[in-house]
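Notes to accompany the following structure.
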Amino acid sequence: DACLEECLLTNQHLLRTLTLVMMTCHVFTARMEAYFKQSSNEYRVRAEASQTARMQVRMRSTAQQGGKGAESPRREEGRGKDRHLGVTTQRRARLGEREQDLSAVISRAAFVTTLSHLERRFDELVEKFIGD
């Protein structure tokens, strides 16, 4: 380790190559963060719109029923299981939507091009670093 440190400090060429490898890694992480942040924002907007629509449907339904919301404890007890199933179904639906969003991001031409370019650049620099 000490030899490698000394070599890097005295060999400007190796230090420059290592700096380029680190910069490539930095660019990769910044680009990935930007892609997935954009996807996350798009997903959040759709989720909020969906939640607003569900709330409006519930409000309309309650208004049509004349505001009747009080039910017997037994009926509410039976609905607890249904609610749990409903929550699970909703969670699965949200996860499915998120999976589709991420699949859409990673299949975009810009994402694939960026990833392959950075992969080639990284491989070239590592080979150069090892060869020097």
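Residue 132 accessible area, nearest 10 Å², 1.4 Å probe? Result for residue 132: roughly 90 Å² accessible. 3J(HN,Hα) along region 12-25, derived from phi through the Karplus expression 6.51 cos²θ - 1.76 cosθ + 1.60 where θ = phi - 60°, amounts to 4, 5, 5, 5, 5, 5, 4, 4, 5, 4, 5, 5, 4, 5 Hz, with x in place of Gly and Pro.
The values are calculated or read from the model by the stated rules, or taken from the named source; none is laboratory data. Note that this is a predicted model, so its numbers are computed, not measured. Just so you know, the surface numbers come from the protein's heavy atoms only, side chains and all, with ligands and any DNA or RNA stripped out. Shrake-Rupley method; radii C 1.70, N 1.55, O 1.52, S 1.80 Å.
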